[in-house]
Amino acid sequence: MRIYELAKKYNLQTRDLLKVLENIGITGKQTLSVITDEEIKKIDDYFEKDKEKGEKSEGKKEIIEEKGKPEKEEKLKEEVIKKEIILTGKENIKELSEKIQIQSTEIQKFLLEQKIIVNINQTLRKDIIQKICENFNFIPVFKEEQQPKILEKTEKEEKPIYVKRAPVVTVMGHVDHGKTTILDKIRNSKVAEKEFGQITQKIGAYKVNLPEGSIVFLDTPGHEAFTAMRAMGAKITDIVVLVVAADEGVKPQTIEALDHAKSANVPIIVAINKIDRPNANPEKVKQQLSEYGLIPEEWGGNTVYVNVSGLTGQGINDLLEMILLVGEMLELKAIINCKCNGTVIESSVDKFRGPVISVLIENGKLKVGDPFIVGSTWGKVRAIIDEWGKRLNEAGPSTPVEILGAHEIAIPGEKFRVVDSEKEAKDFSEKLKREKESIVIPVKRLTLKDLYEEIKKGEVKELNVILKTDFYNSIDAIKNVFNKIPQNEIKINIIHAGTGPISESDVLLASASNGIVLGFKVPVEPKAKELAKKENIEVRTYELIYDIGDDIIKAIEGMLEPEIKEEMVGQALVKKVFKLAKNNIVAGCVVVSGKVVKNSKIKIVRNGKVIFEGNLTSLKRFKDTVNEVNYNNECGIGIDNFYEFQEGDIIQSFITIEVPRKLKGG
């Protein structure tokens, strides 16, 4: 028997049982540690002896707590009521001012301090409303978008029936630390072998069925897609598995992943991968992560660490066991007798199937033929496909599926809901679109004239980009790449971003805006290729996101004005001074290094100090005028407006060169 199993027997948290074990002299145990029969007997004796005392103590505690409870609850209730404010999340400054009874000028003043510029009639985003309310000591409670009446009726008629559901796990970590390899080992597929550079390129969800229960894994892309996509995955996850390589330790992206997991307030299990390598050092990983608050259980913390090898399979079963254990402790439930709802994981346009929406079902059962709304689009389920390409008739909670039948693609993170009829779905979708159109969003109008004027002025240069990707989330990932590139001198302007193949319209837009077309894992239509060649528009396609960043940096560095630098090409020593006329003094020299060049910039150095800077106007070798004189050769040098040569002077010859500029953060 293991520690966590014994904790279940006594109805205790694992960490609480571990404290009891320390008190009775059983040390060195962890969540997964095996416990002997002798130790079990010792624990049983402890609880048996302590039972009567514990019951009395608990009884007193309950009486005391019960006595003070109503008073405390009443105080808390009063405090919450004072600060709560019901909002729709679509208010403008004027409307918000009326609801929270704060003058609109005060709200505008606060927004200006936050560097948020909006007018009084402009609809505010929810995050801005949240900031305003918090500043004026209010807790905003946003009402959900009004549901179709038929949905409300169904929910009132039936009492919710709860069923146990599988935990949803997001695997996070630094690029190449083995996230995909671990998942590959778990689900016995070869995703890692199919992906470029062994890095997952799009968000996928996989349900793994085990004898002890099921687990849903969200497999999120790595490297540059990390920051843009990890946060979305953490919003719908129950447990985060943080993968860290035992031989490399904590990396910057490990900390980014940890920050996302912490902000989502979900349990974290650390999988120390590549434990099979000779230089593996799991203790170092624990030490590093403990500095960020992930204290191992054996050190007195409550973070579970599991040593694994995605390559050999070592520790994988322990990892799955721990995920199921944490899932049980969370007591995850779903409502089964309601209209199906879920969250969009991914969305794309397929050439043959049309819009494809990947959804994680959260409540209810989805069936073929169900009408639905998702975001501001709608449709009717034509097909339900699981992660292996198998068609299903229905899908229940904690099941990731692809859905065909939507009229448009949806944005990852949007809610998916089943309704009773297509008419209701269509009406509700159109209503949402009208509401969105009423929201004032400042839009920058880019014209060819403006672009040319800015470049002509030399005040700013823009690299205009038309971006096409395979999946919607890839757009955010690539935007994140661009945001990391310093843009104090060159601005990257994405004038259009979408999913699907690169088309003629994309090339035309690039032509009109003097831009380039970038594609990520998408084909280029034949007509678009012809037009690009005709219009001399650069079209580039990529299979790895971080290659885009490298190429963009190179491209915009080429647009920077080069730095003009002086480079010393040689030095000459003055051996004798010849006065040919009043204003015609020539220095007889020998070149002691490099070469001396005619019409070059010069510096005259005497006793270690520069005494004159000017231009070399005359350079002769014997009686011949020459353009340059090389090392160890004698020559006569004349310098414009300088007539006071002395023997021993050093004449330094400089040429100006253009040095390509590199990007610097600013």
Practice prompt. Would you be able to say whether some residue in the stretch 625-643 is open to solvent by 100 Å² or more (accessible area, probe 1.4 Å), more than 30 Å from Ile553 (Cβ to Cβ), without any contact (Cβ under 8 Å) to a residue 12 or more places away in the chain and part of a strand (DSSP E or B)?
Written response: no
Discussion item. I need the full set of residues from the stretch 582-611 which are under 17 Å from Asp624 (Cβ atoms) and not in a strand (DSSP E or B), in order please.
Written reply: Lys598, Asn599
Discussion item. Suppose the filter is more than 27 Å from Ser503 (Cβ to Cβ) and at pLDDT below 90; does Glu453 pass it?
Written reply: yes
Practice prompt. State whether the residues of the stretch 583-600 include one that is closer than 20 Å to Lys565 by Cβ, open to solvent by 80 Å² or more (accessible area, probe 1.4 Å) and in contact with a Leu (Cβ under 8 Å, 6 or more places away or on another chain).
Written response: yes
Worksheet item: Looking only at the stretch 322-354, which residues are at pLDDT 90 or above and open to solvent by 30 Å² or more (accessible area, probe 1.4 Å)?
Response: Lys333, Ile335, Ile336, Asn337, Cys338, Lys339, Asn341
Practice prompt. Please work out if Lys94 is surrounded by 10 or more Cβ atoms within 10 Å (Cβ to Cβ) and either modelled with pLDDT of 80 or more or within 29 Å of Leu432 (Cα to Cα) (or both).
Written response: yes
Discussion item. I'm told Val374 meets every condition in (1) over 21 Å from Lys164 (Cα atoms); (2) without any contact (Cβ under 8 Å) to a residue 40 or more places away in the chain except one. Can you identify the failing condition by its number?
Written reply: (2)
Worksheet item: Can you find even one residue in the stretch 424-444 that is in a loop (DSSP other than H, G, I, E, B), within 22 Å of Ile236 (Cα to Cα) and at pLDDT below 90?
Response: no
Worksheet item: Residues Lys207, Lys202: which one is within 22 Å of Ile357 (Cβ to Cβ), open to solvent by 30 Å² or more (accessible area, probe 1.4 Å), at pLDDT below 70 and not in a helix (DSSP H, G or I)?
Response: Lys202
Worksheet item: In the set Tyr46, Tyr4, which member is aromatic (Phe, Trp, Tyr), modelled with pLDDT of 75 or more and farther than 30 Å from Ile139 by Cβ?
Response: Tyr46
Discussion item. Residue under question is Ala192, and the condition is that it be at pLDDT below 50, farther than 30 Å from Ser104 by Cα and hydrophobic (A, V, I, L, M, F, W, C); does it hold?
Written reply: yes
Worksheet item: Residue check: is Lys579 in contact with a Gly (Cβ under 6 Å, 6 or more places away or on another chain), open to solvent by 70 Å² or more (accessible area, probe 1.4 Å) and in a strand (DSSP E or B)?
Response: no
Discussion item. Scan the stretch 473-488 and tell me whether some residue there is modelled with pLDDT of 80 or more, more than 22 Å from Val175 (Cβ to Cβ) and among the aliphatic types (A, V, I, L, M).
Written reply: no
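The values are calculated or read from the model by the stated rules, or taken from the named source; none is laboratory data. Computed from a predicted model, the values in this text were never measured in an experiment. Positions of Cβ are backbone-derived with ideal geometry, glycine not excepted, and every protein chain shown enters the neighbour counts. Keep in mind that these areas ignore ligands, DNA and RNA; they rest on the heavy atoms of the full protein, side chains included. Shrake-Rupley method; radii C 1.70, N 1.55, O 1.52, S 1.80 Å.
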